[in-house]
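Engineer: Provided herewith is a single structure, encoded as structure tokens, for subsequent inquiry.
Every read-out reported here was derived from the displayed coordinates using simple, explicitly stated rules and does not represent laboratory data. All of these numbers come straight from a predicted model, not from anything done at the bench. Using ideal geometry, Cβ is built from the backbone for each residue, glycine included, and neighbour counts are taken over all protein chains shown.
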Amino acid sequence: MKTPRIAYCSPVNPAPSGISDYSEELLPYLGQYAEITLFVEDGLRPANPRLAEHLEVLPIRRLERELRRRPYHALVYHIGNSPAHASIWGQAQRLPGVVVLHDFVLHHFMLWYAANARRDIQLYVREMGERYGEAGAHIAQLMIRSRFSDAAFDFPCCEPVLAAARGLIAHSRHVRERAAVIRPDLPAAVVPMGVPLPTTTDRAAARARLGLPHEAAVLASFGHINAWKRVEPALRALAALRADGLDARYILVGSVSPNYDLAGLIARSRLGDAVTITGYVPRGQFDDYVAAADVCVNLRFPTGGETSASLLRLLGAGRPTLVSAVGSFAELLPGTAAQVDPGPAEGEQILAYCRLLLRRPDLAAALGERARAFVAAEHTLAGAALGYARFLARLYGWPALVRARAEPLWSLDPSPEPDAPVPTAAPQAPNGQAQQPKPVEEPAPLVAAAARAANELGLGEEDSAVLRALAERIIDLG
């Protein structure tokens with residue numbers, strides 16, 4: 001074997017999944033160790049022209065034929081709690097490979113999959129009963145009647161894909177250990193998620209561009225907003241800070257689930273003049289909001305076992321950040337983020353941390369510096385690619401692990417990352433206006449169940465065509 005060949009199955013942009021960004025950042029580094037054929041959803045045309053320039057890109061329907069046609073030395077599937085993984089989910093159970101499990105809890109995906117891909121909502125109901133007994137059947141009945149419950153997180157629905165897997169890559173010990181309970185014989189590795197180290201942006205300049213007062217105390221949350229992002233206790237902390245006499249503001253940067261009554265929550269809190277909902281913003285403006293924030297609020301409970309790329313980007317930007325002390329977030333190096341315990345004391349902890357960090361900018365700066373150093377050391381793309389290559393080489397019996405290319409296939413940033421220490425072969429040539437969410441009419445129960453699941457997966461108002469198609473298919477079921 002000269003250079004190993006990997007069949008790599010993943011969403012890429014414009015597929016609506018954070019894993020699209022993840023793969024597009026990892027692939028140029030993983031391509032230093034192997035030839036890669038990228039398999040994408042049938043009919044998807046990648047928005048990033050570099051993918052087609054540097055990789056062979058094929059529709060996933062051709063995967064089985066390709067595996068017969070020529071030798072592949074590893075098969076990798078990216079699985080997450082998103083409709084963007086529907087075809088990958090099916091192939092991963094037919095053709096065993098290494099599963100990269102981005103979310104341990106796939107419950108909401110399975111509800112969507114049964115209603116949309118299989119057009120049989122009762123398939124989800126039956127599988128919940130067969131797999132989890134009476135408790136699972138009860139939760140399934142609640143879910144299809146639009147009575148979403150946090151208890152759904154106790155029924156992960158990842159068992160089928162783990163049962164068929166040849167190996168597992170996880171980004172946290174939390175996911176690896178939970179998967180081992182289901183499949184103790186499955187070879188597994190923890191590979192820390194890699195992200196590009198963000199460039200630092202001047203706080204004053206960012207605020208000037210955004211029209212934010214220089215002296216205001218700014219809290220900010222980033223990413224898709226839903227009921228699990230702990231906005232309500234953050235709003236209570238905001239109210240207390242303003243009662244302290246601070247000009248405190250709270251900015252929510254990202255899409256909002258149409259079925260989460262954020263507007264009503266803000267109205268009831270009487271904080272409308274202090275809260276901004278930006279909706280989607282372009283990358284440059286996103287970075288400005290990160291730089292403008294005095295405290296980043298990145299809470300979520302319950303958790304689906306995910307490792308958050310958006311959190312790593314905040315930490316990499318050197319921002320003092322609050323996280324929920326659950327799942328993979330509890331594994332962060334001490335001193336890199338402020339850990340908030342979910343439960344009765346959650347609100348008091350959020351407020352205490354905000355008061356401390358706002359009153360002691362020296363402590364906030366030190367926390368941010370440690371966070372950035374942690375990401376720079378432990379979450380590089382070069383290190384992530386090396387972790388993948390080592391596990392694949394061991395699992396598939398590659399005769400040697402060699403970096404066949406000295407540089408990544410393409411550059412993501414003008415500042416290159418340090419090389420990972422492995423043997424090297426000879427190099428080869430190579431609008432931020434605030435807006436409130438729109439009201440949503442109450443749909444029929446079956447439509448609501450699947451549509452809400454899709455929205456909680458990250459589909460927002462900009463994905464209305466997808467949601468309409470989903471609703472129409474469910475209606476066809478009668």
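Engineer: Just to confirm the filter: which trypsin sites (Lys or Arg not before Pro) across region 251-299 are DSSP coil and have at most 14 other Cβ within 10 angstrom of their Cβ?
Structural biologist: Arg270
Engineer: Might you report the magnitude of the Cβ-based charge dipole of the chain about its Cα centre, with Lys and Arg at +1 and Asp and Glu at -1, to the nearest 20 debye?
Structural biologist: Numbers: 49 positive and 50 negative charges, 160 e Å.
In total the dipole reaches around 760 debye.
Engineer: Here is a further query. Taking H placed 1.01 Å from N in the peptide plane, check which residues at least 5 places from Val100 or on another chain put their amide H under 5 Å from its amide H.
Structural biologist: Tyr77, His78, Ile79, Ile169
Engineer: Over region 204-274, what is the relative contact order in whole percent, taking alpha-carbon pairs under 8 Å and six or more residues apart?
Structural biologist: Values: 65 pairs, mean separation 26.8, N = 71.
Dividing the mean separation by the residue count of region 204-274 yields 38 percent.
Engineer: Under 8 Å for C-alpha pairs, at least 6 residues apart: give me the relative contact order for region 203-378, rounded to a whole percent.
Structural biologist: Values: 297 pairs, mean separation 42.4, N = 176.
Relative contact order comes out at 24 percent.
Engineer: How about region 1-101: which trypsin sites (Lys or Arg not before Pro) there lie in a loop by DSSP and see at most 15 other Cβ atoms within 10 Å?
Structural biologist: Details: sites: Lys2, Arg5, Arg50, Arg61, Arg62, Arg65, Arg68, Arg69, Arg94; in loops: Lys2.
For trypsin sites (Lys or Arg not before Pro) across region 1-101 that sit outside H, G, I, E and B with at most 15 neighbouring Cβ atoms in 10 Å, the list reads Lys2.
Engineer: Still on this structure: Charges only on Cβ, +1 for Lys and Arg, -1 for Asp and Glu: so what's the dipole of region 93-160 about the Cα centre, in debye to the nearest 20?
Structural biologist: In debye, rounded to 20, region 93-160 gives about 300.
Engineer: Oh, and also: At a 10 Å Cβ-Cβ cut-off, how would you order Tyr77, Tyr22, fewest neighbours first? Before the final figure, lay out the partial values.
Structural biologist: On the way: Tyr77 29, Tyr22 25.
Fewest-to-most Cβ neighbours within 10 Å comes out as Tyr22, Tyr77.
Engineer: Note down the net charge around Ser324, summing +1 for each Lys or Arg and -1 for each Asp or Glu among other residues with Cβ under 13 Å from its Cβ.
Structural biologist: With Lys, Arg at +1 and Asp, Glu at -1, the neighbours total -1.
Engineer: May I ask you to sort Asp244, Asp294, Asp288 by Cβ crowding, counting other Cβ atoms within 10 Å and putting the fewest first?
Structural biologist: Starting with the residue having the fewest Cβ neighbours, the order is Asp244, Asp294, Asp288.
Engineer: Turning to a different aspect of this structure: Given Ile6, Pro28, Val175, which one lies farthest toward the positive end of the charge dipole of the chain, if we put +1 on the Cβ of every Lys and Arg and -1 on the Cβ of every Asp and Glu?
Structural biologist: Value: Ile6.
Engineer: Which whole-Hz ³J(HN,Hα) couplings does region 317-329 yield from phi under the Karplus relation 6.51 cos²θ - 1.76 cosθ + 1.60, θ = phi - 60°, glycine and proline marked x?
Structural biologist: 7, x, 9, x, 9, 9, 10, 7, 7, 9, x, 5, 5
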